[in-house]
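Asks: Submitted below is the structure of interest, expressed as structure tokens.
The values are calculated or read from the model by the stated rules, or taken from the named source; none is laboratory data. Just so it is clear, the structure is predicted and the values come from calculations on it, not from any experiment. Here Cβ is always computed from backbone atoms with ideal geometry, including for glycine, and neighbour counts include all displayed protein chains. The protein model used for the area step is the full one, side chains on, heavy atoms only, and it has no ligands, DNA or RNA in it. Shrake-Rupley method; radii C 1.70, N 1.55, O 1.52, S 1.80 Å.
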Amino acid sequence: MVVAIVGFGGLGKTTLAKQVFDKIAGNFGCTAFVPVSRNPDINKVLRDILLDFNSGDSPEALRQLDKRQLINKLRKYIEGKRYLVAVDDIWSKDAWIILDSALFRNNHGSRIIVTTRKNDVAEECCPSSLDHVYRMDPLDKNDSENLFVEKAFGRKGCPPNLRDVCGKILKKCAGSPLAIVTLSGLLRNKVTVSQCEEVLHSLSNAVPEDSDVDAMRKILSFSYFDLPHHLRTCLLYFSMFPEDIMIRRKRLLNMWIAEGFVHCSDGRNKTEIAGHYFAQLISRNLIQPVDIQYDGQAQACRVHDTILDFIVSKSLEENFVSFLGYQLGRPDDKVRRLSIHYQKFQDGAGLAGQDLSHVRSLCIFGEPLHKSCTVSLRGLTNLRVFDARNGSPYYTERDDELFDVVLTFPHIDFDVSESPQLKYLDMYELMPMEMARQFYTREVLTGIANLQYLETLDLRSAMVKELPSDIYKLQQLVRLFIRPRVILATGIGRMEALEELKEISIYSFYSLEFLQELAQLTKLRSIHIRMEDGQIGLEQELVLISSIYKLSMCNLHSLKIEFFNNCDAQYGTYALSLQYPLQSLRKFQMRHIHFTKIPNWMGSLNHLEKLALEVGEMEQKDLDILGELPSLLYLFFAVIECPKEMLTFRESTGFHCLKYLDVGNILNGAVMLEFQAGSMPRLEHLELAIHTSDSTLCGCFVSGIEHLNMLTRVRILIFKEPDQDGVATDVESAITSAVDKLPNNPTLRIEVSPVFPVHNKAYNMRGGLGSSRRGRLM
């Protein structure tokens, strides 16, 4: 069955589709929610569906396939499966015809949800009498008012003196949810009748009563000019990105900082200030938050296509951004920022003879479509930002008859060394592994010392094995991101400006001098350490711990430590002997490395918000120590030796701020947890891994879930021993019954998986997805 939701932009089609998708997803073997947009890259859409299905193919492998191969792979994968796919914002019949050929009707009760603005596309999607077209109407008066009041004034409701004028403003929104939330975000800063009447007067004079498009544009224009100048600039920067792309928060903030949009004035660092800008744009409903974490912070965002259209038009009007492959500015304009969208242009002639010396930001998206198309990007002498994470510098030609010989054609003529002002560098992900290694070594690392102003260097897509010592000449570098197992030379202590360092691998052959130098990075706020290739020596461990302590006495807020050996990760293989509190920490994570017991000092970490750790043994007193953490919002723990007693969360135990609890699987028996009435009063997300190793404990694995009244999401992973189907079923039934009693009707997902062999202990602990036995959403 296909259900098509059709209506004009801003009606809430995507929101409705996502609600339905989440509600029924647990009833399907594989699910995918993918955006399509006006000018779709169909190959990418097909790849995204396979990735969402967890087909087992890597993004790298899927990028090597053409459209025909992707369709065949997708058809083969869904054969015999009951699938659910949401295809969001499809504009053309041609795009649907291709997707329809891949998502064939396999007679297993599969479902497809489509959203579109076009009636003819909706009808093309729904040719069968079993299919349905749902024509979405604007909100009625009551729903419009409820949404407006909630977004503009919150629980306190609309002030009596503003009701009349707000009612007239609301009428201008014509039931469009996008218009309502945008205007309500603007009115949140208006507290007097005269301020609201000014908004109404402006809208009344310029918005035709019968024009939804003009009304929406006027509302967006008013919201745009209501922004402070620095937020206007940050909003315009979104025009650099293609439609429907998810933009990671940290990526965006670092680009703003490199461009000079962020200024310090009150003692906070630039990252904190940029984060405040990001939050303000969300608060005004101009960007949509994505991947909201335990602390309420969005890790990414999207821009509604109606709003993006407005931002792009404004950028062109103000010559803020020039687009190669989308829209070109006037030839006499200076190019200040350049965004290249490969899917939308045939050649690079649009830049012929163009002066690029004023370009401050360059972004590249997609892969070249034609090997004859070459783009010359020379003379970028004032470039500050080069972001090509979602792009590729090469056209790649594949020939199955030649045994998958891959031929590559240079497509971009760009030299990093010509841009000495560069502050942000994040380069190509869409490259085969060996090509990436050669490219980064030749084009980037050879002349890296010339980039003296560089602040952000992201080499996570570079398949290099080691970094040259010249990297330490970058005295302004604030953020360094590298792949695991990259080898570093001695000298890291010279990078005194570093605030973020991820992921640094510590090898047994590293000198004590290198480990001591880490303590010299006194501005470091976040570090991710991987201990590699087996046990490091005792002296090395003591020096490393000493350096960590010294960093914690300065600015260290986030510490993540992992242990890996040559046989890959093993659960709880290495015990860490931290003996004194790291008082400055807000986030502390340990993986494949454990404490023997919960140290007493851990309860004194007053600023700790996120804690993820493994522990050899845990008793009730250890759980009570963790409960003493006054700021803790997120807790994950796993125990190596099964506790001999039930671990009880009591009202008096603490955890009064905790929102997210995840308890990992116990390898040597069943964990028993009890949640008493009044415990963890703010817990919203509960995730438990249960190992049914002893049938006599049936019903005692976990009790009291019905007391956690604020829960909104529950996920249970049941690891089933052979011949214990009945135990798993009883556990599932007991948990379902407890969740049914909760007032918020939380999302429940229960997954059952067989116990894996001992060599894959780490996977056991965090939980393989296994087969979904039950999903009840909403």
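Asks: Cross-link partners among lysines for LYS371, C-alpha distance below 27 Å, same-chain residues fewer than 8 apart left out?
Replies: Hits, sequence-local ones excluded: LYS44, LYS67, LYS73, LYS344.
Asks: With a 1.4 Å probe and all protein chains left in place, how much of the accessible area of the chain comes from carbon and sulfur atoms, in whole percent? Intermediate results must be reported in sequence, preceding the final value.
Replies: Working: 16310 of 33350 Å².
Carbon-and-sulfur percentage of accessible area, whole number: 49.
Asks: What do the square roots of 5 times the Cα gyration tensor eigenvalues come to for the chain, in whole Å, largest first, as semi-axes of the equivalent ellipsoid? Intermediate results must be reported in sequence, preceding the final value.
Replies: Details: eigenvalues 333, 258, 177 Å².
One finds semi-axes of 41, 36, 30 Å for the chain.
Asks: Hey, another quick one. Can you give me the relative contact order of the chain as a percent, contacts being Cα pairs under 8 Å and 6 or more apart?
Replies: Details: 1636 pairs, mean separation 47.6, N = 778.
Rounded, it is 6 percent for the chain.
Asks: Sticking with this one: Antiparallel versus total DSSP beta bridges in the chain: what percent is that, nearest 5?
Replies: Numbers: 17 of 124 bridges.
Roughly 15 percent of the DSSP beta bridges within the chain come out antiparallel.
Asks: Using Cα positions and a limit of under 17 Å, work out the lysines in reach of LYS141, with same-chain residues fewer than 8 apart set aside.
Replies: Within the straight-line limit of under 17 Å, LYS141 reaches these lysines: LYS151, LYS168, LYS171, LYS172.
Asks: If you don't mind, there's one more thing I want to ask. Could you give me D for the range 90-165, from Stokes-Einstein at 20 °C and 1.002 mPa s, where the hydrodynamic radius is the Kirkwood radius over C-alpha pairs? Units µm² s⁻¹, please.
Replies: On the way: Rh = 16.0 Å.
So the translational diffusion coefficient is about 134 µm²/s.
Asks: Convert 4 °C to kelvin, take the viscosity as 1.567 mPa s, use the Kirkwood radius over C-alpha pairs of the range 5-132 as Rh, and evaluate the Stokes-Einstein diffusion coefficient in µm²/s, rounded to a whole number.
Replies: Details: Rh = 14.9 Å.
It diffuses with D of about 87 µm²/s by this estimate.
Asks: Counting only heavy atoms of the protein chains, get the accessible area per residue of the range 425-467 (1.4 Å probe) and round it to a whole Å² value. Walk me through the intermediate numbers first.
Replies: Details: 1780 Å² over 43 residues.
Normalised by residue count, the accessible surface of the range 425-467 is 41 Å².
Asks: Can you tell me the Rg and Dmax of the range 405-518, counting just the alpha carbons, in angstroms?
Replies: 14.6, 48
Asks: Whole Å is fine, so just give me how far the alpha carbon centre of the range 592-635 lies from that of the range 49-81.
Replies: Taking the Cα centre of the range 49-81 as reference, the centre of the range 592-635 is 42 Å away.
Asks: Then there's this: Measuring from a point 7 Å past the Cα of GLU539 along Cα-to-C-beta, which residues in the range 479-516 have an amide N at less than 15 Å?
Replies: 508-516
Asks: Report, in whole Å, the centroid distance computed from the Cα atoms of the range 542-561 and the range 227-305.
Replies: 29
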